[in-house]
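Quick notes on the structure that follows.
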Amino acid sequence: MSTKGRYTITAALPYTNGPIHIGHLAGVYVPADIYSRYLRITGNDVAFICGSDEHGAAIPMRAKKEGVSPQVIIDKYHTIIKKSFHDFGITFDNYSRTSASIHHETASEFFKKMYEDGKFIEETSEQLYDPEADQFLADRFVTGTCPKCGNEEAYGDQCENCGSTLSATELINPKSTISGAEPILKQTKHWFLPLDQYEDFLREWVLVGHKKDWKTNVYGQIKSWVDDGLRPRAVTRDLDWGIPVPVEGAEGKVLYVWFDAPIGYISSTKEWAQREGKDWEPYWKDKDTKLVHFIGKDNIVFHCIIFPSMLKAEGSYILPENVPANEFLNLEGNKLSTSKNWAVWLHEYLEDFPNKQDVLRYALTANAPETKDNDFTWKDFQARNNNELVAIFGNFINRVVVLTNKYYDGVIPAPAAFSEIDQQTLAELKAYPAVISSSIERYRFREASQELMNVARLGNKYLADEEPWKTIKTDEDRTKTVLYVALQIASALATLSEPFLPFTSTKLKGILSVTPSGVEGSVETQWNEISTKEILLPTGHQIGKGELLFSKIEDTEIQKQLEKLEATKKANQAENNTVEPQKDTATFEDFTKLDMRIGTIIEAEKMPKAKKLLVLKVDTGINIRTIVSGIAEHFSPEEVVGKKVTVLVNLAPRKLRGVESEGMILMTENPEGKIVFLNPDEDEVNAGAVVS
């Protein structure tokens with residue numbers, strides 16, 4: 001069981017460049033809310049903190065696309081996001097925004113303290129610059145090929161395919177997202193946090209101190225980063241959107257969003273404390289406070305390396321107790337994508353499935369991507385509702401409430417002597433709070449949700465075995481005892497379900513006529529009391545009439561959602577099929593420089609730890625060479641061996657994930673988005689034939 005204490009719980013600040021979708025919920029907000037609710041109802045002092053991240057480069061990018069100011073974008077999406085969280089039952093103690101004056105003040109003070117303490121290094125370096133737009137390019141304003149996995153849609157700060165954190169100057173074939181121009185390098189001055197100076201601290205704090213209690217995916221990513229050698233990281237950017245750098249000589253520069261954003265947790269806590277008449281400092285500076293960050297795996301490096309180094313450099317803050325990052329959630333077999341509208345948006349879900357917040361919470365928790373990427377499907381969502389929430393949880397409550405009203409006018413009967421099965425059932429019930437607590441406290445929310453469902457299974461099995469609808473005709477004392485025991489299970493479920501199914505918990509407490517703690521005549525059961533109290537619902541207590549906790553979701557409702565996704569898929573295909581305009585004119589001499597040959601793939605294997613890459617051995621007729629190709633999602637190694645392909649053989653070699661690739665295989669996409677080779681008729685040409 002959790003020992004009572006003070007907790008600061010943070011959930012990753014969502015970008016205000018679009019609404020919240022199920023990937024955000026599964027990865028961050030549902031587990032964070034379960035954990036915070038659990039800590040509160042077990043008597044802890046909790047500050048559950050979040051807010052909108054409004055200074056990312058994605059904001060002005062979205063604004064340019066829509067032809068409005070960044071302020072219009074952040075106001076629009078901040079409103080949508082905040083309302084969605086409220087309607088979905090996410091119980092933030094404070095939801096702020098980084099455009100708030102208190103945040104600007106807090107972030108500026110944080111920077112100035114580090115600046116005055118000499119914690120930054122100042123460097124003039126070459127940065128990417130768009131000559132057409134006449135501006136320096138922040139990370140998200142640059143796309144190109146990832147040098148580590150070959151993904152051609154990597155951003156200047158991160159490759160969302162392999163998860164690598166990048167510098168914009170590392171990208172292969174970079175281009176500006178503003179004008180499409182090829183950037184040039186231009187000198188500019190910035191301030192850097194010398195992460196290399198914090199390597200010993202990070203090794204001792206995380207790699208030694210949290211080797212056993214942090215999730216392996218988090219620990220592994222941190223170790224990889226530290227072992228690879230930490231380098232100074234810029235904390236300022238050349239942008240006109242963000243918090244101005246608060247020192248002389250920094251005109252036209254703002255704080256880098258990944259310096260500014262995590263300080264948003266602190267400023268949001270300050271805002272909450274001011275409103276509630278509290279002191280914010282113990283929640284961030286008292287060593288007895290436990291700080292826990294809930295994030296997705298793409299934010300691990302920022303919350304486990306950069307932000308802790310900032311806190312250590314500033315000198316007066318506590319460090320995270322844990323950072324239980326989740327992996328990614330896919331949708332119907334494909335990666336969630338805001339730009340491609342491939343998502344289930346929370347505000348739309350709440351419109352399509354009114355009063356079914358808990359169904360989505362449960363489906364996302366039962367299928368949470370805690371240790372690996374998982375897939376959300378509408379059929380699984382339907383099955384979780386119909387086969388578990390309705391058929392197990394709802395069925396048990398409905399039966400016990402209906403029978404109590406039918407036989408005893410809703411008054412809890414006095415039990416007779418308990419049989420061995422009664423005692424065993426009550427003993428099992430008393431064990432569940434500790435079991436569920438253990439799972440939650442180890443951040444195993446999927447496991448915890450199934451243990452909750454096992455409590456309902458316990459009740460169903462007990463009723464099915466004892467058959468009170470039969471004993472009512474032969475042994476009324478036995479019937480009274482069975483319903484009394486079943487009602488104790490129902491009372492426990494009303495409490496234990498609160499972190500996972502808060503709307504259901506409230507509804508069930510209403511059905512059982514449970515009065516809250518602190519009210520005269522209270523019969524509300526506290527979490528820890530389930531294990532210690534002999535009586536949860538007393539004899540003579542009047543419960544209410546039965547009503548369904550859950551209702552079945554019909555095939556037609558699911559088909560509607562699948563059709564919506566199919567329409568999105570077709571729209572994306574139509575957009576992808578748009579013929580690109582002709583490129584700049586090439587001379588005949590330009591063309592003759594290209595040496596294209598027919599080659600035969602003689603070996604193929606997957607690149608370790610790379611989702612898209614195959615390492616191929618290709619007989620080009622000139623020699624046998626290694627070519628790394630991003631086709632692993634479309635072909636297995638076995639499928640491509642023996643294939644004849646068109647190869648650009650005189651392309652300059654380039655290393656991808658440590659393997660030198662000596663050429664490029666020519667290919668295109670068909671209307672369905674599948675990669676196809678530009679290969680010749682298999683029987684008419686030999687390896688080495690020149691394409692002209």
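The values are calculated or read from the model by the stated rules, or taken from the named source; none is laboratory data. Every value quoted in this text rests on a predicted model; they were computed, and no experiment measured them. FYI the Cβ positions are ideal-geometry reconstructions off the backbone, even for glycines, and counts take in every protein chain you see. Each accessible area value is taken on the protein alone, full model and side chains, heavy atoms only, with ligands, DNA and RNA left out. Shrake-Rupley method; radii C 1.70, N 1.55, O 1.52, S 1.80 Å.
Selection within the range 532-574: residues that are open to solvent by 70 Å² or more (accessible area, probe 1.4 Å) and hydroxyl-bearing (Ser, Thr, Tyr). The member of this set that is nearest to the chain's Cα centre (by Cα) is Thr556. Count of the range 12-32 residues, restricted to those that are assigned to a loop (DSSP other than H, G, I, E, B) and within 13 Å of the chain's Cα centre (by Cα), is 4.
Please tell me if Gln187 is part of a helix (DSSP H, G or I), farther than 21 Å from Pro147 by Cβ and open to solvent by 50 Å² or more (accessible area, probe 1.4 Å). Against the criterion (part of a helix (DSSP H, G or I), farther than 21 Å from Pro147 by Cβ and open to solvent by 50 Å² or more (accessible area, probe 1.4 Å)), Gln187 does not qualify. Scanning the range 175-184 for residues that are touching a Pro at 6+ places or on another chain (Cβ under 8 Å), open to solvent by 20 Å² or more (accessible area, probe 1.4 Å) and either more than 16 Å from Ser125 (Cβ to Cβ) or of a type in the set (D, E, K, R) (or both) yields Lys175, Glu182. For the range 660-692, taking the residues that are outside any loop (DSSP other than H, G, I, E, B) and open to solvent by 40 Å² or more (accessible area, probe 1.4 Å), the one that is modelled with the lowest pLDDT is identified as Glu669. With the requirement that a residue be over 23 Å from Thr236 (Cα atoms) and without any contact (Cβ under 8 Å) to a residue 40 or more places away in the chain, what does the range 147-166 give you? Listed by number, the list holds a single entry, Glu153.
Residues in the range 52-79 that are aliphatic (A, V, I, L, M) and either surrounded by fewer than 21 Cβ atoms within 10 Å (Cβ to Cβ) or in a helix (DSSP H, G or I) (or both): Ala58, Ile59, Met61, Ala63, Val68, Val72, Ile73, Ile74. Residues in the range 37-51 that are buried (at least 24 other Cβ atoms within 10 Å of the Cβ) and touching a Ser or Thr at 6+ places or on another chain (Cβ under 6 Å): Ala47, Phe48, Ile49, Gly51.
For Phe192, the conditions (1) buried (at least 19 other Cβ atoms within 10 Å of the Cβ); (2) in contact (Cβ under 8 Å) with a residue 40 or more places away in the chain; (3) among the aromatic types (Phe, Trp, Tyr) are fulfilled apart from (1).
The residues of the range 115-141 that are touching a helix residue (DSSP H, G or I) at 6+ places or on another chain (Cβ under 8 Å) and either among the β-branched types (Val, Ile, Thr) or farther than 22 Å from Gly56 by Cα (or both), listed by number, are Asp117, Lys119.
The residues listed here are Trp241, Trp258; of these, the one that is under 21 Å from the mean Cα position of the chain (by Cα) and open to solvent by 10 Å² or more (accessible area, probe 1.4 Å) is Trp258. Residues in the range 98-124 that are open to solvent by 60 Å² or more (accessible area, probe 1.4 Å) and in a strand (DSSP E or B): Glu122, Glu123, Thr124. Here Cys304 meets the list (1) open to solvent by less than 30 Å² (accessible area, probe 1.4 Å); (2) at positive phi almost entirely, failing just condition (2). Pairs are defined by a Cβ separation below 8 Å, a sequence spacing of at least 6 or placement on different chains, a first member in the range 527-553 that is within 25 Å of Pro433 (Cβ to Cβ), and a second member that is open to solvent by 60 Å² or more (accessible area, probe 1.4 Å) and at pLDDT 95 or above; the pairs so defined are Leu549/Lys507. The requirement of being in contact (Cβ under 8 Å) with a residue 60 or more places away in the chain and in a helix (DSSP H, G or I) is not satisfied by Ile9.
Scanning the range 603-618 for residues that are surrounded by fewer than 20 Cβ atoms within 10 Å (Cβ to Cβ) and over 27 Å from Glu170 (Cα atoms) returns a single hit, Glu603. Each residue in the range 236-268 was checked for being farther than 20 Å from Thr16 by Cβ and not in a loop (DSSP other than H, G, I, E, B), and 3 pass. Please go through the range 284-301 and give me each residue that is open to solvent by 10 Å² or more (accessible area, probe 1.4 Å), within 27 Å of Phe445 (Cβ to Cβ) and in a helix (DSSP H, G or I), ordered by number. Of everything in the range 284-301, those that are open to solvent by 10 Å² or more (accessible area, probe 1.4 Å), within 27 Å of Phe445 (Cβ to Cβ) and in a helix (DSSP H, G or I) turn out to be Lys297, Asp298, Asn299. In the range 174-186, the residues that are of a type in the set (Val, Ile, Thr) form Cβ pairs under 9 Å with partners that are surrounded by fewer than 18 Cβ atoms within 10 Å (Cβ to Cβ) and in a loop (DSSP other than H, G, I, E, B), at six or more places apart or across chains, as follows: Ile178/Glu132; Ile178/Ala133; Ile184/Pro131. For residues that are in a loop (DSSP other than H, G, I, E, B) and open to solvent by 20 Å² or more (accessible area, probe 1.4 Å), scanning just the range 333-352, find the one that is nearest to Gln573 (Cα to Cα). Taking the candidates together, the pick is Lys340.
Please verify whether Pro415 is under 28 Å from Pro468 (Cα atoms), in contact (Cβ under 8 Å) with a residue 12 or more places away in the chain and of a type outside the set (Lys, Arg), treating the condition exactly as stated. Yes: the conditions hold for Pro415.
In the set Leu508, Leu487, Leu493, only one residue is surrounded by 21 or more Cβ atoms within 10 Å (Cβ to Cβ), in contact with a helix residue (DSSP H, G or I) (Cβ under 8 Å, 6 or more places away or on another chain) and farther than 22 Å from Ala427 by Cα; that residue is Leu508.
If you go through the range 125-172 and keep only what is open to solvent by 30 Å² or more (accessible area, probe 1.4 Å), under 24 Å from the mean Cα position of the chain (by Cα) and not basic (Lys, Arg), you end up with Glu152, Glu153, Tyr155, Glu160, Asn161, Cys162, Gly163, Ser167. Does the range 519-526 include one or more residues that are outside any loop (DSSP other than H, G, I, E, B), open to solvent by 60 Å² or more (accessible area, probe 1.4 Å) and at pLDDT below 95? No: the range 519-526 contains no residue that is outside any loop (DSSP other than H, G, I, E, B), open to solvent by 60 Å² or more (accessible area, probe 1.4 Å) and at pLDDT below 95.
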